[in-house]
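Every number in this text was worked out from the coordinates using simple rules, so none of it is lab data. The model shown is predicted, which means the values in this text are computed figures rather than measured ones. All Cβ positions, even for glycine, are placed from backbone atoms using ideal geometry, and neighbour counts span all protein chains on display.
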Amino acid sequence: MLLRSLNFNGESASAPISEPYTPTTQSFSGGPPIDGFYSPELRGEFGAGLLDLHAMDDSELLSENVASEPFEASPFVPKETDDDEDDIISRSQQGLSENYGGAITREKESNTKESNVGKIKVVVRKRPLNRKEISRKEDDVIDVHNSQFLTVHEPKLKVDLTAYVDKHEFCFDAVLDEAVTNDEVYRETVEPIIPIIFQRTKATCFAYGQTGSGKTYTMQPLPLRAAQDMVHLLHQPVYLSQNFKLWLSYFEIYGGKLYDLLSERRPLCIREDGKKQVCIVGLQEFEVSDVRIVKEYIERGNASRSTGSTGANEESSRSHAILQLAVKKHIPVTETRRQRDREANEAKNTKLVGKLSFIDLAGSERGADTTDNDKQTR
Ligand SMILES: Nc1ncnc2c1ncn2[C@@H]1O[C@H](COP(=O)(O)OP(=O)(O)OP(=O)(O)O)[C@@H](O)[C@H]1O
């Protein structure tokens, strides 16, 4: 899912994000042998902290049939005259509580991986003019027409220096105007996918936009709201009986390096395992059963983030921050087993069910916004 913000200068923040560099799977394909990664020594030290970032054995991307329930049909997809269509749309509008009910009774019956295609939902949020823009008497250049369409009015100059306005119409899965609250953003974007996380699925929510466009403002409240709903779901008998637990981790990618935001910015290593899955070695995960604890962890992680100052944002995120909420199934360990064995086997005794990742990308700025960047920011 992409939450994309526009600013009022008519820039759709489409400039490529140049920094920091994010390592790719390919970057490690020629890396060191993976066997040592699973050696007993390493498992002893890092066992509980091993986390695969992009893949997990028993989960899958939102498949078309699962995702079609919580999300309304995308305007980009040609409409099919399907008898069930009304039914699907009305079901999608019934809200979280019923989604939950459905999710519980409808434990993903299919192990079908037949449509293992990721479904993307693009949501645009318009932010209000900020104080600087108001004081400079800048125009509001975005018109939100309805919940899916907006127009950008781009001021331009002809070659003879006559001013004119170029209009660009855009259509998205959803458009939220400046009056919407963070809670409404949550309901439009993340809420519908919570039940699916409990059905062996992983999903990612990220914000994209230039510096100062409101990514952090939009992203920061989402994990806590999601954790609230996930904790609520964990208490449903069906998941209680299966010993499902919620785990949280939070790290950042800054200058091409990874740091654990919940472990005093301890540097982390990224590796690829024998199954070509990306793993983060040493990342601390914490089991969370209470929303207050989740809040504390998030606040602690936020305080450790790398920020700097740009022309468009005094407190600009300079890193990509990734907060993950993982649902795991715990398999009880027999009490007779020795403590040492128990610790070594901790990773084996939990099985990943699903994972929701929130990514707050570092801002990308126009040339004009880089002029008063401080040294750290650059
Ligand atoms: N929808 C909004 N309503 C009110 N204020 C907003 C909104 N969006 C952003 N802001 C304000 O605009 C400023 C910049 O927002 P924010 O830090 O979230 O931008 P950003 O895109 O994360 O920037 P960077 O990429 O530089 O980190 C903040 O002071 C924030 O409070």
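For T204, nonlocal amide neighbours, meaning residues 5 or more places apart or on other chains whose placed amide H falls under 5 Å from its own, are S357. When the stretch 167-268 is described by a simple charge dipole with +1 on each Lys and Arg Cβ and -1 on each Asp and Glu Cβ, the residue from I194, S241, L268 located farthest towards its positive end is L268. Exposure proxy for F251, F286: other Cβ atoms within 10 Å of each Cβ, ordered fewest to most, give F286, F251.
Remark: spin-label model distance T151-K245 equals 5.6 nm, labels positioned 7 Å along the Cα→Cβ axis.
Each of H145, L161, T218 was scored by the projection of its Cα onto the charge dipole of the stretch 143-219, and the greatest displacement toward the positive side belongs to T218; charges sit on the C-beta of Lys, Arg, Asp and Glu. Give a quick list of trypsin sites (Lys or Arg not before Pro) in the stretch 138-180 that DSSP marks as loop, anything other than H, G, I, E or B, with at most 10 other Cβ atoms within 10 Å. When the trypsin sites (Lys or Arg not before Pro) of the stretch 138-180 are filtered for loop state and at most 10 Cβ neighbours within 10 Å, K158 remain.
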